[in-house]
Every structure is written in structure tokens, then in C-alpha cells.
Amino acid sequence: MDLSNYRKTYNKRALLESDAPENPMQLFQTWFYEADESNSVDEANAMSVSTIGLDGYPKTRVVLLKQYTYEGFIFYTNYNSEKGKAILANPHLCLSFFWPSLERQIIIKGIAEKVPANTSGYFESRPLGSQLGAIVSPQSEVIPSREYLEEHLHALEKQYEGKEVPRPEHWGGFLVRPQSLEFWQGRPNRLHDRLRYTLTEDYDWKLERLAP
């Protein structure tokens, strides 16, 4: 199928240097808030996480951002999963947010580190089904059938009925400390606005405009 005639005109907003604060996390907060408040964005915290796998291939998947601070971005996963093993072997990764209805994209290069176990309190706040699912699923491993998961889930539901579900040791968070953040705003005639912040050796942020 030839898609060369697909066209879209970007003309909703602009991104100028005068709009850019010194710290890119302030701009991220503004953009995230606008996406979250928009009726046209279903999950503003959905982001792509790209890693280099143990097989040498890059892989991208969508996960949910659960917290962001001036230190960086936090998401949770099974450390024994393909994603978890890839990050532990090579913590350099890329996060990206795409909000098409706002004609905006953010690309973040960063270095991931484990969130300390005693601060992974997010697990306790999850719904019971999600807690049990984290225990039931040997994430990324080959399993014989859907029934395999459901049978194990039913067994755990009985085991932990009326009890607190312990957080598995292999489940926790990653904090991604950003090294660069690129903010992309669609503009007419494919002359998009691209502003990139890069962390310097002095831990200041250098702002540059990139050609589209």
C-alpha cells in the first residue's frame, strides 16, 4: 500500500525560544498538563521506552509514566522482563511522548537507575488485580496458553483473599535521569519547531534550535 499521498497540515501552535524556561522540566510540566487537560488525549502519561536488547536489537514499547520530578521520570516494571534485563545491561535509553491532537512530541535521552526498594510504594497502591498480575506473569517468557495465566491468577486470589499482597522482589521502578530533552511542535510547510535542551558538565541546560 502506497502511503506517499498521506498529508497533514500542522498549524495549531508555535514553540519559540521566548517560550522556553531555563529548566526543561518546567516546559515538560506545562506540556504534560495541557495534554492531560485535553479531551483529545486519552492517556497523557503513555510513553514509548526504547532500549538496546541483549540480542543487540533496539526495541520500543509503550509504558505508563507514574511520576516525574526535577530528577527525572519514573516508571515501573518487572526487572526480569526483556525490558528490565535490557535496561540493567545498558541503562542508556530513550523515552518519547507523542500527543498528535496537540501536534507535539517530546524525545528524552536518559540514563536509568533502579528506584530503591523502600521507595517503590507504588505497588501497594495498585488495584488488587494488578498486584496479583505482577506475581502471576513471568513477563516476556514463553507460556503455554492464556489459561495458564488465568489458572494461576485464580489460585493466587484464593491464597491472598483478605490478605496483603507482598511486592515481588523482581518488581520495581526505574528513574530515568534525562541527559537531553527535545520538544517538537508541528508547524506549517514541515518547518516544525524543535528545541533541544542538553545537560552540560556543569549541570546546566544548554538550549539549541534544531532544523526540522
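The values are calculated or read from the model by the stated rules, or taken from the named source; none is laboratory data. For clarity, every value in this text was computed on a predicted model and none was experimentally measured. Using ideal geometry, Cβ is built from the backbone for each residue, glycine included, and neighbour counts are taken over all protein chains shown. Side chains are part of the model used for accessible areas, which takes the heavy atoms of the whole protein and leaves out ligands, DNA and RNA. Shrake-Rupley method; radii C 1.70, N 1.55, O 1.52, S 1.80 Å.
Consider only pairs whose beta carbons are under 6 Å apart and that are at least six residues apart or on different chains; among these, list those whose first residue lies in region 60-77 and is more than 15 Å from Gly172 (Cβ to Cβ) and whose second residue is of a type outside the set (Gly, Ala, Ser) and open to solvent by 60 Å² or more (accessible area, probe 1.4 Å).
Gly72/Arg177
List pairs: first residue in region 175-191 and of a type in the set (Ser, Thr, Tyr), second residue not in a strand (DSSP E or B) anywhere in the structure, Cβ distance under 9 angstrom, at least six positions apart or on different chains.
Going by the 9 Å Cβ cut-off, the qualifying pairs are Ser180/Pro24.
Between Ala155, Ala211, which is of a type in the set (A, V, I, L, M, F, W, C) and assigned to a loop (DSSP other than H, G, I, E, B)?
From the options Ala155, Ala211, the qualifying one is Ala211.
Would you please name the residue that is farthest from Asn78 (Cα to Cα), looking only at residues in region 139-152 that are assigned to a loop (DSSP other than H, G, I, E, B) and open to solvent by 50 Å² or more (accessible area, probe 1.4 Å)?
So, considering only residues that are assigned to a loop (DSSP other than H, G, I, E, B) and open to solvent by 50 Å² or more (accessible area, probe 1.4 Å), the one farthest from Asn78 (Cα to Cα) is Pro144.
Residues being more than 19 Å from Tyr68 (Cβ to Cβ) and in a loop (DSSP other than H, G, I, E, B): count how many of those fall in region 1-41.
Total satisfying the criteria: 18.
All but one of (1) open to solvent by less than 60 Å² (accessible area, probe 1.4 Å); (2) under 30 Å from Lys8 (Cβ atoms) hold for Val136, so report the exception by its number.
So the condition that Val136 fails would be (2).
So, Leu195, is that one on the phi < 0 side of the Ramachandran plot, open to solvent by less than 80 Å² (accessible area, probe 1.4 Å) and in a strand (DSSP E or B) or not?
Criteria met by Leu195.
Can you confirm whether region 9-24 contains a residue that is surrounded by fewer than 16 Cβ atoms within 10 Å (Cβ to Cβ), basic (Lys, Arg) and either out of contact with any strand residue (DSSP E or B) (no Cβ under 7 Å at 6 or more places or on another chain) or touching a residue at least 60 places away in the same chain (Cβ under 8 Å) (or both)?
yes
Could you tell me which residue of region 78-123 is most open to solvent (accessible area, probe 1.4 Å), considering only residues that are in a helix (DSSP H, G or I) and closer than 24 Å to Arg187 by Cα?
To start, the set of residues in region 78-123 that are in a helix (DSSP H, G or I) comprises 82-89, 100-102, 117-119, 122-123.
Going one step further and asking which of them are closer than 24 Å to Arg187 by Cα, we end up with 100-102.
Numbers: Pro100: 70, Ser101: 30, Leu102: 17 Å².
Among those that are in a helix (DSSP H, G or I) and closer than 24 Å to Arg187 by Cα, it is Pro100.
Since Lys163 meets every condition but one in (1) charged (D, E, K, R); (2) over 25 Å from Ser50 (Cβ atoms); (3) in contact with a Gly (Cβ under 7 Å, 6 or more places away or on another chain), which condition does it not meet?
Result: Lys163 passes all but (3).
Among the residues that make up region 131-138, is at least one of them in a helix (DSSP H, G or I), of a type in the set (A, V, I, L, M), in contact with a Pro (Cβ under 9 Å, 6 or more places away or on another chain) and modelled with pLDDT under 95?
yes
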